[in-house]
Amino acid sequence: MSTERPAKDVLTFQCDVCFETRDFLKSEGDNVRNYPACWSVMHEEGWRIHDSEHLCPDCAATDRDDRGNPFRRN
């Protein structure tokens, strides 16, 4: 999930599993109006999108492990 608040100069991404957040702040020099650039930074940090869910690095690793589990329930 992402929440764009350009009026407050903040772009926040939230993991859809554990609710960890990653903020981009204009006051810290981030271009909060450039969603693709911010997502590119997060992707480098290990964030992933799977089935339209934003996943933090920890949840992304668990999701990969879980998909390889033959006993996984969907």
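What follows is calculated from the coordinates using simple rules that are stated; it is not laboratory data. These figures come from a predicted structure and were not determined experimentally. Using ideal geometry, Cβ is built from the backbone for each residue, glycine included, and neighbour counts are taken over all protein chains shown.
Residue count for the stretch 7-20 under the criterion of being loosely packed, with under 14 Cβ neighbours inside 10 Å and either touching a residue at least 12 places away in the same chain (Cβ under 8 Å) or among the polar types (S, T, N, Q) (or both): the result is 1.
As a summary of the residue check, Thr12 satisfies the conditions (1) within 10 Å of the chain's Cα centre (by Cα); (2) of a type in the set (Val, Ile, Thr); (3) in a loop (DSSP other than H, G, I, E, B) except for the one numbered (3).
Residue pairs whose Cβ atoms lie under 6 Å apart, separated by 6 or more positions or on different chains, with the first residue in the stretch 40-64 and surrounded by fewer than 13 Cβ atoms within 10 Å (Cβ to Cβ) and the second among the aromatic types (Phe, Trp, Tyr), do not occur. Residue count for the stretch 20-66 satisfying the condition of being under 11 Å from the mean Cα position of the chain (by Cα), of a type outside the set (S, T, N, Q) and assigned to a loop (DSSP other than H, G, I, E, B): 5.
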